[in-house]
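First up is the structure itself, then whatever we jot down about it.
The values are calculated or read from the model by the stated rules, or taken from the named source; none is laboratory data. Note that the coordinates shown come from a computational prediction; the quantities given were computed from them, not determined experimentally. Every residue, glycine among them, receives a Cβ derived from its backbone with ideal geometry; neighbour counts consider all protein chains shown.
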Amino acid sequence: MLRNSRLSLHIPEPPARPGDRPDFRHLDLRPAGETRRPEPETPAHEMRDMPYALVRVLDEDGQAQGPWARGLPPETLRKGLEAMLLTRAFDDRIFRIHRQGKTSFFMRSTGEEALAVAPSLVLEPGDMCFPTYRNVGFLMARDYPLLDLVNQIFSNARDPLKGRQMPVLYSARDYGFYSVSGNLGSRVGHAVGWAMASAWSGDDRIALAYIGEGTTAEGAVHEALTFASVYHAPAILAISNNQWAISSFQGVAGGEETTFAARALAYGLPGLRVDGNDFLAVHAAVSWAAERARSNLGATLIEFVTLRIAGHSTSDDPTRYRPDDEARAFPLGDPVERLKGHMIALGIWTPEDHEALVAACEERIRAAVKQGESIGTLGVTKPPVGTMFEDVFKTPDWRQIRQRREVEG
Amino acid sequence: MATMNMIQAINSALDVMLDRDPKALIFGEDVGYFGGVFRATDGLAAKYGAKRCFDAPISEGGIIATAIGMGAYGLRPVVEIQFADYILPAYDQLVSEAARLRYRSAGDFWAPITVRTPYGGGIFGGQTHSSSPEAIFTHVTGLKTVIPSTPHDAKGLLIAAIEEDDPVIFLEPKRIYQGPFDGHPERPATPWSQHPASDVPEGYYAIPLGTANVVRAGRAVTVLAYGTMVHVALAAAAETGIDAEVIDLRSLVPLDIDTVTASVRKTGRCVIVHEASRFGGYGAELSALVQEECFYHLQAPIERVTGWDTPYPHAFEWDYFPGPARVGKALKRCVEAET
């Protein structure tokens with residue numbers, strides 16, 4: 001007798017609120033090395049267990065375990081660690097700069113550095129990343145000029161985006177980094193179309209798109225997944241499940257009933273659930289998906305399980321809706337500390353090396369910010385006002401020409 | 001030169017561009033093997049292969065999103081949205097993405113896409129197959145919006161649209177696919193073959209966007225129209241005997257403001273005609289522009305003749321449609337008004 005006398009509406013609630021002990025028991029975790037690694041050419045229907053597993057390489061002692069451990073060269077590990085530290089130093093510095101009123105807005109990616117940095121080192125120069133606003137690590141790993149980031153944050157006279165975008169909504173075509181926007185999910189379809197174009201052209205370039213777990217609820221994401229499936233687009237669709245979409249926990253996006261990686265199943269795509277704070281696991285999973293894509297086997301959906309340590313943005317106060325010590329309690333730890341521990345365990349890194357690198361990254365950021373400040377913080381300098389009428393169209397029509405004349409006087 | 005109806009002219013433009021530009025491709029619902037529900041892509045998949053003209057899922061948002069990605073890659077996608085009424089799931093892609101990509105990336109990326117879509121009433125399509133949504137595109141900075149009124153213009157404008165490096169909404173007045181329509185549904189339909197604009201060059205030609213066409217010269221009043229309503233306006237002028245100058249705008253964005261203002265300054269009177277509903281329609285912008293640019297030349301209030309501010313009702317289609325009688329009345333009011 002299943003039938004109840006009355007219906008009741010289920011409204012998801014997170015396991016912990018401010019004042020509660022953080023609770024991550026809902027995360028279905030498993031030890032490093034346990035999850036199998038199918039060969040990349042395996043048909044998707046033979047991998048339907050993968051979205052419910054968890055790809056992990058680094059164990060608690062910093063050792064690489066299991067079939068996903070691919071033995072990355074030490075220089076890749078060093079490069080990855082440096083890019084993560086640079087990202088963290090940048091985030092910390094600009095966050096303070098914002099507090100000083102030198103820019104309007106900022107978003108940190110603290111805790112999510114590995115899932116942006118490692119894929120950047122996997123992708124090749126001709127590939128394209130379709131990022132979110134929390135993926136600056138991708139640029140850090142590619143030595144994007146720090147000063148250009150700072151100038152964009154300040155919307156100053158040397159802003160590469162000419163003062164048109166809020167801070168962190170970068171665009172860097174030459175670095176394989178597509179234009180970021182504040183709209184959510186609306187560029188996953190571009191990534192799929194871009195990847196389809198590569199296949200259509202007989203090229204070997206692939207696309208990587210990021211979204212957050214909250215954005216998986218957008219219709220545009222499902223449209224994009226349909227196209228990725230239908231046309232076997234050589235694309236990697238990455239979901240950063242950082243547990244929070246502003247104040248809404250992942251259950252509000254549908255994470256209570258299944259995993260976000262399992263969204264792949266309905267589209268017949270492979271889905272991987274990956275420890276997003278494990279640099280080696282992220283690198284291995286994206287390499288696997290990239291190999292599939294380049295072998296004309298189509299798209300892969302990857303969920304990176306991680307934690308948004310910082311607030312959503314400088315306009316957000318997470319103490320209002322979640323316990324304030326989630327970062328310490330998060331069972332997947334900190335991506336920087338875990339890679340550092342691994343490198344020390346390998347004997348290629350020391351705590352002294354680490355301290356020196358942290359200091360060097362902070363100094364590089366400090367120097368870039370100082371240089372950016374000398375060019376101008378928000379509102380102090382700007383590109384010439386007339387340039388706001390450029391790039392509306394390839395060639396302005398009479399409206400932009402007339403209005404520009406009016407503004408320029 | 002060949003005799004073509006508007007569908008054949010559109011098909012010919014697509015054929016020419018697939019042949020000329022190896023990066024051009026077509027996709028959309030039912031456009032591949034079958035050739036589209038209005039037959040606009042008939043034969044193209046057979047001629048150029050499925051790679052150049054293929055079917056898409058029923059996903060207007062997905063169609064436009066993937067087209068933008070392909071455009072950013074360097075291809076030149078031409079997509080069909082089966083009815084303009086169904087373009088709304090793609091509206092976010094057009095407004096937030098296609099229209100702003102070049103601007104927000106400071107020229108890093110752009111979306112050279114053409115979105116073809118049949119629009120307008122007069123086919124008993126009710127409120128789901130009749131609407132005229134041009135104003136929701138013309139209001140979006142970064143989109144171009146084009147509407148042909150003849151086979152000759154349809155081909156030349158579509159070729160120009162495909163060659164554009166900016167996103168173009170190409171609205172096709174489906175009531176005049178087969179023949180010009182003067183707004184008298186009770187009369188037998190005339191085919192395009194009896195109209196001089198059905199003479200269409202078989203090869204390549206482009207009509208630059210932003211050039212209006214004075215289809216009837218006159219001195220008494222300027223009529224601004226586009227799409228099906230060009231033919232209705234001509235019928236109204238003929239039936240009233242008013243010496244109207246009828247301007248077919250052809251491209252709403254960019255607008256040929258010089259041709260509009262030159263005519264209104266000459267006639268001193270202006271009637272604006274469109275099938276879309278009135279409030280906040282493209283006619284409101286035209287009216288404001290004419291007032292701003294030509295106020296001291298105006299001898300009468302500007303008139304608008306439009307669809308009513310209701311959805312397009314199935315049984316009352318001809319009550320909704322701004323036919324020659326309503327246009328004629330407005331012409332009379334306008335020429336008889338005294339300042």
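Points to keep in mind about this one:
- Filtering region B:26-74 to residues that are facing chain A (nearest Cβ under 8 Å), surrounded by fewer than 17 Cβ atoms within 10 Å (Cβ to Cβ) and farther than 21 Å from B:ALA84 by Cβ leaves B:LYS51, B:GLY74.
- Residue count for region B:121-132 under the criterion of being under 29 Å from B:GLY69 (Cα atoms) and either assigned by TED's automatic domain parsing to the domain that holds B:TYR320 or not polar (S, T, N, Q) (or both): the result is 1.
- Checked against (1) modelled with pLDDT under 95; (2) surrounded by 24 or more Cβ atoms within 10 Å (Cβ to Cβ), B:PRO188 passes all but a single condition, namely (2).
- Filtered by the rule that a residue be crowded, with 20+ Cβ neighbours inside 10 Å and of a type in the set (Lys, Arg), region A:56-78 gives a lone residue, A:ARG56.
- Output for region A:219-246, where each listed residue is out of contact with any strand residue (DSSP E or B) (no Cβ under 8 Å at 6 or more places or on another chain) and within 12 Å of another protein chain (Cβ to nearest Cβ): A:GLY219, A:ALA220, A:HIS222, A:GLU223, A:THR226, A:PHE227, A:SER229, A:VAL230, A:TYR231
- Some residue of region B:285-297 being among the aromatic types (Phe, Trp, Tyr), under 30 Å from B:PRO118 (Cα atoms) and either exposed (fewer than 15 other Cβ atoms within 10 Å of the Cβ) or at pLDDT below 95 (or both): no
- Any hit, region B:96-117, residues being over 22 Å from A:VAL192 (Cβ atoms), away from chain A (no Cβ under 14 Å) and surrounded by 21 or more Cβ atoms within 10 Å (Cβ to Cβ): no
- Meets criteria (over 20 Å from B:GLY323 (Cα atoms) and surrounded by 24 or more Cβ atoms within 10 Å (Cβ to Cβ)) for B:VAL260: no
- The residue list B:PRO322, B:PRO301 contains one member that is part of a loop (DSSP other than H, G, I, E, B), in contact (Cβ under 8 Å) with a residue 12 or more places away in the chain, under 19 Å from B:LEU171 (Cα atoms) and outside the structural domain of B:VAL168 (by TED's automatic domain parsing), which is B:PRO322.
- Residue, farthest from the other protein chains (Cβ to nearest Cβ), within region A:178-211, restricted to residues that are surrounded by 23 or more Cβ atoms within 10 Å (Cβ to Cβ) and of a type in the set (Phe, Trp, Tyr): A:TYR210
- Single residue of region A:328-342 satisfying the filter (surrounded by fewer than 21 Cβ atoms within 10 Å (Cβ to Cβ) and outside any loop (DSSP other than H, G, I, E, B)) that is nearest to the chain's Cα centre (by Cα): A:GLU337
- In the set (1) touching a helix residue (DSSP H, G or I) at 6+ places or on another chain (Cβ under 9 Å); (2) away from chain B (no Cβ under 14 Å); (3) crowded, with 19+ Cβ neighbours inside 10 Å, A:PHE249 fails one condition alone, (1).
- Here region B:118-134 is the region considered, the condition is being of a type outside the set (S, T, N, Q) and crowded, with 24+ Cβ neighbours inside 10 Å, and the residue that is nearest to the other protein chains (Cβ to nearest Cβ) is B:GLU134.
- Exactly one residue out of A:LEU77, A:LEU72 is part of a helix (DSSP H, G or I), in contact with a helix residue (DSSP H, G or I) (Cβ under 7 Å, 6 or more places away or on another chain), farther than 14 Å from A:VAL274 by Cα and not hydroxyl-bearing (Ser, Thr, Tyr): that is A:LEU77.
- Criterion: part of a loop (DSSP other than H, G, I, E, B) and touching a residue at least 12 places away in the same chain (Cβ under 8 Å) - qualifying residue of A:PRO396, A:PRO383: A:PRO383
- Within region A:163-183, the set of residues being in contact (Cβ under 8 Å) with a residue 40 or more places away in the chain and within 30 Å of A:GLU82 (Cβ to Cβ) comprises A:MET166, A:PRO167, A:VAL168, A:GLY176, A:PHE177, A:TYR178, A:VAL180, A:GLY182.
- Note on region A:225-242: residues that are outside any helix (DSSP H, G or I) and buried (at least 24 other Cβ atoms within 10 Å of the Cβ) amount to 10.
- Flag if A:MET166 is within 13 Å of chain B (Cβ to nearest Cβ) and hydrophobic (A, V, I, L, M, F, W, C): yes
- Selection status of B:PRO89, closer than 24 Å to B:LYS23 by Cα and at the interface with another protein chain (Cβ under 9 Å from one of its Cβ atoms): no
- Qualifying residue in region A:283-292 (condition: part of a loop (DSSP other than H, G, I, E, B) and out of contact with any Phe, Trp or Tyr (no Cβ under 7 Å at 6 or more places or on another chain)): no
- Residue within region B:135-147 that is crowded, with 23+ Cβ neighbours inside 10 Å and either small (Gly, Ala, Ser) or over 19 Å from B:HIS274 (Cβ atoms) (or both) present: no
- B:GLU275 falls short of the stated requirement of being acidic (Asp, Glu), more than 14 Å from chain A (Cβ to nearest Cβ) and surrounded by fewer than 19 Cβ atoms within 10 Å (Cβ to Cβ).
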